Structure formats: C-alpha cells, structure tokens
Amino acid sequence: MTTDKLGIIVNGATGRMGYRQHLVRSLLALRDEGGIPLSDGTRRPIELYLVARNEERLRELAAKHGIDKYTTDLDVALADEDFPVYFDALITRLRVPAIRKAIAAGKAIYTEKPTAESYADALALAEEAEAAGVKNGVVHDKLYLPGLIKLRRLIESGFFGEILSVRGEFGYWVFEGDWQPSQRPSWNYRSEDGGGIVVDMFPHWNYVIENLFGEISAVYAETRTHIPERVDEAGKRYTATADDAAYAIFDLADGPIVQFNSSWTVRVNRDELVEIHVDGTHGSAVVGLFGAKVQPRNVTPKPTWNPDLRDEHDYSADWIEVPQNDAVDNGFKLQWIEFLRYVLEDGTHDYDFRSGAKGMLLAEAALESNASGRRVSLADQAGAK
C-alpha cells in the first residue's frame with residue numbers, strides 16, 4: 001500500500017445526496033477500508049476536503065467524521081495542489097460555474113447529474129474538459145445496483161430472446177409540506193431553480209435505457225404539474241412551477257419500444273419505488289433496484305379473458321425470483337472506485353461529461369415534445385442547439 005493520500009474535494013458535502021450517498025456510504029467507507037482498491041490488489045489511501053456554504057454545519061460534520069480540512073470558499077480548496085480530484089454535489093443551477101473553476105484548476109472532475117441546466121451548457125462543459133485534458137465522469141449509479149446487474153445478466157445470457165417492449169414505473173407520493181413535511185427539497189418544484197421531474201430523472205433513464213436496451217432516437221412525452229401549490233422548508237406556501245410527473249415513450253434506434261412513467265404524485269403499489277417490466281419472445285422479467293423475478297415462456301400461464309367470472313389464479317406466484325449469486329456493494333461506492341481507478345491508472349471511462357450531456361439532451365427533447373405535442377427526434381433536437 002502506498003502512503004501517499006489521494007486528495008478529494010467534496011463540494012456540496014452537507015446536501016442530501018452529497019452527504020448520505022457520496023460522503024458517508026462511499027468516500028468515508030472507502031477511507032475506513034484503507035482507500036481505493038487498485039487493479040494490482042493494493043489500496044490508495046484518500047483524504048477529503050469538504051466544501052459547503054454553512055460553516056457551522058461543515059464544522060460539525062468534519063468533527064463527526066474525523067475530517068481535518070473544510071471551507072466555505074471553493075477557490076481556496078481548488079488552489080490546494082494536494083487535492084487533485086473535485087466532486088460536485090451542488091444543486092444544478094450552481095454546478096456549471098463550479099465545474100468551470102475546477103477545469104481551470106486542472107482537477108479531475110466527478111459530478112452528480114444533470115451536469116448543467118441545458119444541453120448546450122452540458123456539451124460545452126464536456127468540450128472544455130476535453131480541451132483542458134482533465135479526466136471527467138458523471139454519476140451513473142443505477143447501473144451498479146443489484147436489480148439492474150441481474151437484468152444485464154439476463155439480457156447478455158439471451159434469456160429474453162427478442163426483447164419486444166420495456167415498461168418502467170418510477171415514483172412515490174411526495175407530501176405537499178403542509179400537514180406533513182415534504183421529503184424532497186422545495187427547489188425540485190420550481191422550474192426557475194432548476195426543478196422538475198424531467199430534468200431530474202430523464203438523465204437517469206437515458207443511461208439506463210442506453211446501456212441496457214439501446215440508444216434512444218426519439219421521445220414523445222406529456223408532463224404535468226399535478227400539485228400546483230406546495231409548502232417550503234420555512235412553512236411558506238409557494239406556486240409549483242415545475243413538472244411533478246412525466247409520461248413518456250422512447251423510440252430506440254435499434255431495439256424495443258420503451259415506456260416510462262415518472263411521478264412524485266403516485267402512491268406506490270409495487271415491490272420497489274422503481275420497477276422495469278421487460279417482455280421478450282422467450283421470457284419476461286420484472287426488475288427493481290434490488291430484486292428481479294422472471295417468467296420463462298415454458299412456464300407462462302394461459303389466461304382466458306372472461307369478465308363474467310372472477311379469476312382466482314395467483315399470477316404473482318408464476319414468477320421466479322432471480323438469486324443474488326454475488327455480493328454487490330453500494331452502487332455509488334462502486335462507481336467511485338471505478339472513476340478513481342480511471343484517475344489513478346491507465347484506461348478509459350465511458351460515463352464522462354459527454355454521456356451526461358446526452359441525458360440533458362433527452363430531458364430537453366422531452367420538454368419540447370410536451371410543449372409541441374409531437375414526437376421529437378434527439379438528432380433534430382441536438383442540431384437545433
């Protein structure tokens with residue numbers, strides 16, 4: 001093991017995602033395990049430098065986790081040459097200027113998504129990072145979750161035969177904030193602050209669909225703001241200006257039809273908060289973030305439609321749970337390992353700023369589809385920018 005520590009700046013360390021998923025469950029876990037596991041079997045220790053706006057909260061957090069370095073001044077952190085890696089977990093509207101500073105400082109950059117509030121800005125960031133020669137990556141955490149790993153294994157094994165269709169359901173009821181506090185920040189429901197379920201979730205659906213089923217060529221989408229008024233963290237009522245639900249059909253260049261419903265105004269009647277149903281000629285699967293169950297064609301029941309008689313068949317019992325044959329670590333942590341190996345070792349990293357820009361392109365195409373009432377080609381949408 002080398003004793004030279006790899007310094008990582010964590011901007012947005014006190015936020016919900018920055019703290020829970022990236023700091024506690026990923027970076028602190030890796031620190032406490034001895035560092036980043038490298039391909040030669042050794043580990044590289046890491047040191048963290050926390051950045052956020054609230055100095056008191058930063059001080060408490062740093063003391064709690066034994067972290068020596070923290071600041072409210074991003075420029076100070078970026079000037080420290082002992083910290084060559086920058087991670088961004090800020091809210092989207094603050095991300096572009098912060099990442100541009102990190103590019104100018106020559107840092108390797110890893111960021112949450114979306115990388116920008118527009119495709120044009122996201123693409124510009126990718127081009128600027130490439131011109132500066134800095135390594136860069138975007139969080140694609142869902143690909144590393146047990147359920148989607150099982151789904152990929154099913155696809156690669158040929159289980160489905162020809163995949164015919166994919167249907168996705170994501171969401172849950174987010175309380176309005178009056179009689180129960182909301183479990184999401186209020187800015188999510190203000191378009192002027194970068195909110196909306198399309199810009200929040202469609203970058204996820206882009207990389208999930210692209211990496212499992214094929215590249216998206218066009219989208220038709222309808223969005224809604226089902227809850228027009230909410231209550232913010234201070235108890236003040238505000239007008240919800242961003243979409244809280246989206247209903248989309250994705251065309252793939254060479255693959256199945258994909259439908260996806262995304263909603264913060266739906267009450268859950270699923271095994272998990274996200275569920276993907278895949279139908280193929282040889283079998284079907286229903287997959288969540290953790291679980292997966294299948295139904296091969298040779299054990300598929302033969303339903304008969306008769307609205308006059310109650311159907312007593314237990315269709316849920318016809319599905320077979322896919323076993324968890326291998327232990328799977330936290331998805332965010334696994335991608336952190338992959339990105340930091342890319343920084344420290346030779347190789348490539350598929351999930352770069354350009355992949356992040358593609359997610360924002362899909363979101364903008366979906367919003368254009370909703371505004372125009374038509375199917376929108378992603379190639380046309382990119383060409384119009």
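The values are calculated or read from the model by the stated rules, or taken from the named source; none is laboratory data. Only a predicted model underlies this, so the values are computations on that prediction, with no experimental measurement involved. Note that we place each Cβ from the backbone using ideal geometry, even for glycine, and neighbour counts take in every protein chain shown. The area values use the complete protein model at the heavy-atom level, side chains included, leaving out ligands, DNA and RNA. Shrake-Rupley method; radii C 1.70, N 1.55, O 1.52, S 1.80 Å.
Values as computed for the structure displayed
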read-out: Read-out mean projected area of the Cα convex hull in nm², derived from the coordinates shown; its label in (i) 24.3; (ii) 18.2; (iii) 22.1; value: (iii)
read-out: Most positive-pole-ward Cα, Ser39, Val174, Leu27, against dipole of the chain from beta carbon charges; value: Val174
read-out: DSSP-assigned coil residues among chymotrypsin sites (Phe, Trp or Tyr not before Pro) in the stretch 97-179, each with at most 14 further Cβ atoms within 10 Å; value: Trp179
read-out: For the stretch 1-45 and the stretch 345-385, distance of Cα centres in Å; value: 30 Å
read-out: Fully extended contour minus Cα-Cα distance, from Asp178 to Arg270, at 0.36 nm per residue; value: 30.5 nm
read-out: Rounded percent of accessible protein surface that carbon and sulfur make up, the stretch 245-308, 1.4 Å probe; value: 51 percent
read-out: Two-site label geometry, Val24 and Ala63: point separation in nm, points 7 Å out along Cα→Cβ; value: 1.9 nm
read-out: The stretch 125-187 - percent of accessible surface contributed by carbon and sulfur, probe 1.4 Å; value: 55 percent
read-out: Solvent-accessible area per residue, Å², over the stretch 302-363 with all protein chains present [probe radius 1.4 Å]; value: 65 Å²
read-out: Share of carbon and sulfur in the accessible heavy-atom surface of the stretch 324-385 [1.4 Å probe, %]; value: 42 percent
read-out: Expected 222 nm ellipticity per residue - DSSP helices of 4 or more, -39500 (n - 2.57), all of the chain, to 500; value: -9000 deg cm²/dmol
read-out: Spatial separation of Cα centroids for the stretch 228-283 and the stretch 101-143, in angstrom; value: 26 Å
read-out: Estimated translational D of the stretch 1-97 in µm²/s (Stokes, Kirkwood radius over Cα pairs; 10 °C; 1.306 mPa s); value: 116 µm²/s
read-out: Protection proxy ranking, peptides 352-358, 309-315, average beta carbon neighbours within 10 Å, highest first; value: 352-358, 309-315
